[in-house]
Structures are given as structure tokens and as C-alpha cells.
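Enquirer: One structure coming up, written as C-alpha cells, with questions to follow.
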Amino acid sequence: MSENKQNSAPKSYLEETGGRKGIFKWILSTDHKRIGLLYLYSIMAWFFIGVTLGVLMKLELIAPGKTIMGAQSYNATFTVHGVIMIFLVVIPGLPAVFGNFMLPIQIGAKDVAFPKLNLLSWYIYIAGSILVVSSLFAGGGPPDTGWTFYAPYSFKTGTNMLPAVLGAFVLGFSSILTGLNFIVTTHRLRAPGMSWMKLPVFPWAIYGTAWIQLLATPIVGITLLMVLGERIFNIGFFDPAKGGDPILFQHLFWIYSHPAVYIMILPAMGAISEIIPTFSKKTIFGYRFIVFSTLAIAFVGYFVWGHHMFTSGMSGTALFTFSILTFIVAIPSAIKVFNWVATMHQGSISTDVPFLWAASFIFVFLVGGLTGLVLGALATNVHLHDTAFVVGHFHFIVFGGTGFAFFGALHYWFPKIYGKMYDRSWAKTGWAIFFVGYIALYMPMFFLGVMGMPRRYFDYLPEYHGPNIISSLGALVMVTGFVIMVINLFRAVKTGEKAPQNPWGGTNLEWQISSPPTLENFDEIPTIDKATYKYD
Amino acid sequence: MAEEKHHITSYKTYLLVLSLLIVFTLLSVAITQIELSRWAAAAALLVAGIKSTFVLMIFMHLKYDQRMFRVMVGLIVALVVVVIIITMLDFLFR
């Protein structure tokens, strides 16, 4: 009887192979969940490489003078670390992995609006990745411009810029197509009754992000093409010797790359907004404020790019305008933080693994955000620009914000994705070691920056030695925590206990379907008749 | 939903718009003969903007589509305009 029951039970998406075998059941599948996992595995592979390069940099900086690499190797290492981490890991990160997996489920759909386009986006991502990485091995050595490809150096350097720039250009198409897919999915495929104000916060965040992906990415695409034009045809867009303007490159680059920070952080905020109510057993505080602050960040985020260029020689009018706008964008970000804290207030909090990642996210995001205001003020920026302070701030926002939210989301949705449960005590150990290592790695950078240590140098003065030792050792501790986390999750996939349908007591649609979900997520499309995050 | 109507535009309209696009293309070439200094780019963008509007409205059927789509495109154009204005705050006052 029970055997019959098992046979008639619908297969999960992991068992449903479409008659394909081996790798083909992955790379030919148009199921949004498998595509989400394809992104997860590809992104994690690049992340391992990026982390390795980061650790090598920290080992070089453990003592003044040359330790394990010279100036040129260090320049190439931070460039490739930046390019991999930004373009291959954090920009696609949460939208491509969890957006793909969770968006259709959370809005009550069977898949995204254009499943084949979705798979094509992954192929384009892989093609772009290969192009970027080929720059390490071909021609005149790895690029050494930093991930920002600043002109005029990017078209004058003899290193291998063409594949790196072309790769970033190709990756942009993947981002645009994914964004387009998510916008159409959110507009057209919401379940009956799921009005905009019943949409969970994560889909809202993915939706806001998708607009940035769609509208901002073409600008960096055309900018990178202009750099290629400079290198190949000597056109002179950015070359002062030919009447060009190098600051124009910085404008064009940051018109995309600052909103790109919100491509990284908005889905992270969305994931945190899912985790906190679930583990506080409380309706999210100020749902409408969170939603509108998401849209406000996505919108105002377009107009603050100039704060990356305060010392570039812009006009005083522009400096003043960008500084004011930067302070304005802090408001919706602060609204979110207050709402998360208010959600926890008088909640029935369980400090399970995803909550620990979410709570530590709030802390590191707060540090990153407040140090951002220090950099957004014109006077302090002049002192701190291009120092280790900027590296600290950037990593607190991008790695702290996006990374902590990514790992939090991974632990939160892991039981749903794989239908398996991980060992919670090892997961907590991994988190604790990671968090301590993280703080030790990046916090000293603020002090070093205030003391005046410039970024992007393989060497430094002896007075900067102490904080650099703490930072380098912190990197090793953090990597230890990361390795524990990965091994624990990997072991859970192989031998973990079966996860129940709703292990955390969540209220959204993903917790009302089986773990792992079936191929089409729902037996029949649900009708939504109550607001989201309702805890009795 | 099944009763959505698709507007059919006449060949006459298409040919008229095509002619206008050609005229505006010639105009954007002719305009380079006038010395407009730093306003040359603005003039070129203005002509290109008019041409794009024709393409969007007639060839891409925005004129006959739901109002929602026109609002979306309008907001995106406004965004681009604001970005250009802010960039000009640097260029014009440097």
C-alpha cells in the first residue's frame, strides 16, 4: 500500500529529468529551479577562485615589502579578484540564483515567463565568464586596471584588456535578459488574488532589481564598447590628447556601476525581509514602507553615481548635487533597517541559522552604510578617497551585505531547494567563525584608511603593519568558517535528513508546497485571499 | 484577454513615417553644418529623440497599446533625461 502510494506521489524537480541523463538534465532543462541551481554552482565556483585571489592579496599584505608577489602580480590579482567577484559573483548572485528559484514559486507561478530565454541567459553568463577568464591566460598577461577599467589607462595598458572588457560586455546581456524575464514574470504570472500589495518582499526586491538590470546595464555595455573602440581604432572618446574626456568614462561607468550596487543589495534586502518575520514569528513591520523604500532605492540609486568621482575634477555644482543625493539615498535604506528591527521587537525570536546570518547582515550593513555617509560627505571624502577605508566600506556593503544575505538565504531556502536538512550546530559554528574572521579582516581597513594607507598597493609603510596583520589573519579565520559552512551544506545534500515541507514555520507560498518542489511547483495554481506574512 | 484587438496600421502611414524619418536623418546631417558649439550634441539628441518617438509610437505600436506601456516608456525616457542633465551639471560648470 505504502509502495503504491510512493509510486503515485508526484516526482520532485530533482527526480524529473525529462528523459535526459547526466549533465544534460541540467544544461538542457528550462525549469527555473534547475537554472537557479546552475547559476548557484557556477557562481560558487567563481567565488572559490575570487576568495583564493583575495586571500593571496591578504598574504602579500601581511608584512611590508614583497611577501609572496611583486607590484605587477598584485595589480593583476586585485583586478581579476574584482572582476570575478563583481561581474561573475555578486551582480548575478541573489537575482540569478534565488530570484530564479523563488520568484515564480512566491508569486504562485509554474515557471518564469520565458523559460528558454532564461536558459539562454545562463549560457550567455557562461560565455561571458569564459571570455573574462581567458584574459588571464592569453596575450600580454592578466589585466591590471582594477575592476573599474578606468580610462585612459584601460586603453593604454599592454595587458590583456580586450577579452576582459568583452567578457563584461557579454555578461551584461545575461543580466538584461534575466531582468526582462523577471519583470514580465511579475507582471503577467502572479496567481489570482495576488495583488501588488500582497506580493512578498523578496519578489518586490527582485522586481525593483530587474528594472535596474534592464535599464542600467546597456550603459556599461556601450561604455565598454567605447573602450574597445579606443584600444582597436584609437577613436579618442576618452583620450585628452585627441580632445576626449577621461572623466566622461567615469561618468558612464558609474552611471551603471552605482545602480549595480543596488542590483547586489536590493535582493539581499529582500531575502532578509523574508527571514526576519519567519524567525520572529511576526508580521513584517511596515510592509508598504519596505516595498516603497525598495522602489525608492532603485530609483534614487540612479542619480548618485558621482560620489565615486569626488576627487576626479568634476565641477563644484556636480559635487554638491551628488553629495546631497547620496545623503537622500540613505533614507530608504535606513527605513528598511528600522523596519527589520521593529519586526523583531516583541517577536518570538528563534536564533536559528538563517536568523543569525540575517541579524549579522543588519550589523555589517549598518557599518557599511554609515561609513558610506563618511565617504558621501565632500570634505571627508577628499581625505579618505582611494584609501583602505574605501575598501573596508565597499566590502562591508558588497560582501557583508550581499554575502551575508546570500548565505542567510541559502540556509533559509536550503531545505526547500534540496529537500534535505543540514546540521544546525555545524552551521552555527561556521557562521560564528566566519563572522569573527570577517570583522577582523575588514574592520582594520577603516583605521588604516584614516591613517592614510592607500589602496591598491602591494607595499606599505611600517606604521601600517599592525592592523594589516589582524586583517590578514582575519581572512584566514573567515575562510575557515566558509569551508565549514560549505562542507556542512555539501554533506547535507548527500546524507542530510529529509526536510519537512515547512521547517521554519514560514507563511509564504514556497512553504506550502513540497520540499523539494515538483516540476511545476503547484498541483494547481493557488488563489491568494489573505495578505502575506500573517502569523496567528 | 482572448478578445485583445491588434491595431493594423496602413501602408500609407508607414510610408509617411518612413519619409519623415528620412527627412529627419537628412536634417541631423544638415545641422552639423551650423556652428552650435556645445549645443551640437543637444541638437543631434533632439532630432534622434523625435525619430525614436516615431519608431516607438508607429512601428512598435506603442500608440495603439495599453496606456501602461506608454507610461513605462515615458518614465524611462524621463530617467535618461535626468541622468543627462546631472552629467551636464559637471560638463557645463567645470
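The values are calculated or read from the model by the stated rules, or taken from the named source; none is laboratory data. As the structure is a computational prediction, the values presented were derived from the model and not from experiment. A quick note on method: Cβ atoms are made from the backbone with ideal geometry, for glycine too, and the neighbour counts reach across all protein chains shown.
Enquirer: Does A:Thr343 qualify as being surrounded by fewer than 22 Cβ atoms within 10 Å (Cβ to Cβ), over 21 Å from the mean Cα position of the chain (by Cα) and of a type in the set (S, T, N, Q)?
Expert: Values: surrounded by fewer than 22 Cβ atoms within 10 Å (Cβ to Cβ): no; over 21 Å from the mean Cα position of the chain (by Cα): yes; of a type in the set (S, T, N, Q): yes.
Taking the combined requirement at face value, the residue does not satisfy it.
Enquirer: Let me ask another. Would you pick out the residues in segment A:257-294 that are surrounded by fewer than 24 Cβ atoms within 10 Å (Cβ to Cβ) and either farther than 27 Å from A:Leu199 by Cα or within 14 Å of another protein chain (Cβ to nearest Cβ) (or both)?
Expert: Listed by number, the residues that qualify are A:Ser257, A:His258.
Enquirer: Looking at (1) at pLDDT below 95; (2) surrounded by fewer than 22 Cβ atoms within 10 Å (Cβ to Cβ), which is the only condition A:Thr326 fails?
Expert: The single condition A:Thr326 does not satisfy is (2).
Enquirer: Let me ask you something else. Given (1) among the hydroxyl-bearing types (Ser, Thr, Tyr); (2) at pLDDT 95 or above; (3) not in a helix (DSSP H, G or I), where does A:Ser472 come up short, assuming only one miss?
Expert: (3) is the only condition that A:Ser472 fails.
Enquirer: If I go through segment A:28-72 residue by residue, how many of them are within 30 Å of A:Glu520 (Cβ to Cβ) and of a type in the set (Phe, Trp, Tyr)? Break it down into steps so the answer makes sense when it comes.
Expert: Within segment A:28-72, the subset within 30 Å of A:Glu520 (Cβ to Cβ) is A:28-45.
Applying the additional criterion that residues be of a type in the set (Phe, Trp, Tyr) yields A:39, A:41.
Residues flagged as within 30 Å of A:Glu520 (Cβ to Cβ) and of a type in the set (Phe, Trp, Tyr) within segment A:28-72 amount to 2.
Enquirer: Answer yes if at least one residue in segment A:212-232 is of a type outside the set (Ser, Thr, Tyr), outside any loop (DSSP other than H, G, I, E, B), touching an Asp or Glu at 6+ places or on another chain (Cβ under 8 Å) and within 13 Å of chain B (Cβ to nearest Cβ), and no otherwise. Break it down stepwise before answering.
Expert: Within segment A:212-232, the subset of a type outside the set (Ser, Thr, Tyr) is A:212-216, A:218-222, A:224-232.
If we keep only those that are outside any loop (DSSP other than H, G, I, E, B) as well, we get A:212-216, A:218-222, A:224-232.
Narrowing the set further to residues that are touching an Asp or Glu at 6+ places or on another chain (Cβ under 8 Å) leaves A:230.
With within 13 Å of chain B (Cβ to nearest Cβ) added as a condition, the list becomes none.
Checking segment A:212-232: not a single residue is of a type outside the set (Ser, Thr, Tyr), outside any loop (DSSP other than H, G, I, E, B), touching an Asp or Glu at 6+ places or on another chain (Cβ under 8 Å) and within 13 Å of chain B (Cβ to nearest Cβ).
Enquirer: Could you check, for segment B:42-63, whether at least one of its residues is within 14 Å of another protein chain (Cβ to nearest Cβ) and not polar (S, T, N, Q)?
Expert: For segment B:42-63, residues within 14 Å of another protein chain (Cβ to nearest Cβ) and not polar (S, T, N, Q): absent.
Enquirer: Right, next: Inspect all residues belonging to segment A:188-205 and state whether any of them is among the β-branched types (Val, Ile, Thr), part of a helix (DSSP H, G or I) and out of contact with any Gly (no Cβ under 9 Å at 6 or more places or on another chain).
Expert: Residues of segment A:188-205 among the β-branched types (Val, Ile, Thr): A:201.
Among the residues that remain, those that are also part of a helix (DSSP H, G or I) are: A:201.
Those left that are additionally out of contact with any Gly (no Cβ under 9 Å at 6 or more places or on another chain): none.
Within segment A:188-205, not a single residue is among the β-branched types (Val, Ile, Thr), part of a helix (DSSP H, G or I) and out of contact with any Gly (no Cβ under 9 Å at 6 or more places or on another chain).
Enquirer: Right, something else. Can you name every residue in segment A:233-256 that is within 10 Å of chain B (Cβ to nearest Cβ) and among the hydroxyl-bearing types (Ser, Thr, Tyr)?
Expert: Correct list: empty.
Enquirer: Same structure, new question: Taking segment A:302-322 as the region of interest, how many residues are surrounded by 19 or more Cβ atoms within 10 Å (Cβ to Cβ), away from chain B (no Cβ under 11 Å) and either among the hydroxyl-bearing types (Ser, Thr, Tyr) or in contact with a His (Cβ under 7 Å, 6 or more places away or on another chain) (or both)?
Expert: 2
Enquirer: Give all pairs with beta carbons closer than 7 Å in which a residue from segment A:403-424 that is closer than 23 Å to A:Leu88 by Cα meets a residue that is assigned to a helix (DSSP H, G or I) and of a type in the set (S, T, N, Q); count only pairs at least 6 apart in sequence or on separate chains.
Expert: A:Phe404/A:Ser360
Enquirer: Same structure again: Run down A:Ala9, A:Ala63 and say which single residue is out of contact with any Lys or Arg (no Cβ under 7 Å at 6 or more places or on another chain) and closer than 30 Å to A:Thr145 by Cα. Please lay out each step first, then the result.
Expert: Working: A:Ala9 fails: closer than 30 Å to A:Thr145 by Cα.
Just one listed residue meets the conditions, A:Ala63.
Enquirer: Just need a number here: residues in segment A:433-469 that are touching a strand residue (DSSP E or B) at 6+ places or on another chain (Cβ under 9 Å), surrounded by fewer than 21 Cβ atoms within 10 Å (Cβ to Cβ) and either of a type in the set (Asp, Glu) or in a helix (DSSP H, G or I) (or both). Give the steps one after another, and end with the answer.
Expert: Quick first cut of segment A:433-469, residues touching a strand residue (DSSP E or B) at 6+ places or on another chain (Cβ under 9 Å) only: A:445, A:448-455, A:460.
Checking which are surrounded by fewer than 21 Cβ atoms within 10 Å (Cβ to Cβ) leaves us with A:450-452, A:454-455, A:460.
Next, from what is left, pick out any that are either of a type in the set (Asp, Glu) or in a helix (DSSP H, G or I) (or both): A:450-451.
Adding up the residues that qualify gives 2.
Enquirer: For residues that are farther than 16 Å from A:His81 by Cα, without any contact (Cβ under 8 Å) to a residue 40 or more places away in the chain and of a type in the set (S, T, N, Q), tally how many sit in segment A:131-180.
Expert: 1
Enquirer: Can you tell me which residue among B:Leu45, B:Leu21 is surrounded by 11 or more Cβ atoms within 10 Å (Cβ to Cβ), within 28 Å of A:Leu319 (Cβ to Cβ) and within 17 Å of the chain's Cα centre (by Cα)?
Expert: Working: B:Leu21 fails: within 28 Å of A:Leu319 (Cβ to Cβ).
Every option except B:Leu45 fails the conditions.
Enquirer: Can you name the number of the only condition in (1) in contact with a Leu (Cβ under 7 Å, 6 or more places away or on another chain); (2) closer than 30 Å to B:Gln66 by Cβ that A:Leu166 fails?
Expert: With respect to (1) in contact with a Leu (Cβ under 7 Å, 6 or more places away or on another chain); (2) closer than 30 Å to B:Gln66 by Cβ, A:Leu166 is out only on (2).
Enquirer: Please specify each residue of segment A:29-43 satisfying the condition of being in contact (Cβ under 8 Å) with a residue 60 or more places away in the chain and surrounded by fewer than 19 Cβ atoms within 10 Å (Cβ to Cβ).
Expert: Selection gives A:Thr30 alone.
Enquirer: Can you run down the residue pairs with Cβ atoms below 7 Å, 6 or more apart or on separate chains, where the first is in segment B:66-94 and within 8 Å of chain A (Cβ to nearest Cβ) and the partner is polar (S, T, N, Q) and not in a helix (DSSP H, G or I)?
Expert: Sorted first by the residue in segment B:66-94, then by its partner, the pairs are B:Leu89/A:Ser315; B:Asp90/A:Ser315; B:Phe93/A:Ser315; B:Arg94/A:Ser315.
Enquirer: Could you count how many residues in segment A:115-149 are of a type in the set (Phe, Trp, Tyr) and surrounded by fewer than 17 Cβ atoms within 10 Å (Cβ to Cβ)? It would help to see each step written out before you state the result.
Expert: Applying the first criterion (of a type in the set (Phe, Trp, Tyr)) to segment A:115-149 yields A:122-123, A:125, A:137, A:147, A:149.
Okay, now just the ones that are also surrounded by fewer than 17 Cβ atoms within 10 Å (Cβ to Cβ), so A:123, A:137.
Residues in segment A:115-149 being of a type in the set (Phe, Trp, Tyr) and surrounded by fewer than 17 Cβ atoms within 10 Å (Cβ to Cβ): 2 in total.
Enquirer: Residue check, A:Asn75 against (1) more than 30 Å from A:Leu509 (Cβ to Cβ); (2) touching a residue at least 60 places away in the same chain (Cβ under 8 Å); (3) out of contact with any Lys or Arg (no Cβ under 8 Å at 6 or more places or on another chain), all met but one. Which one?
Expert: Result: A:Asn75 passes all but (3).
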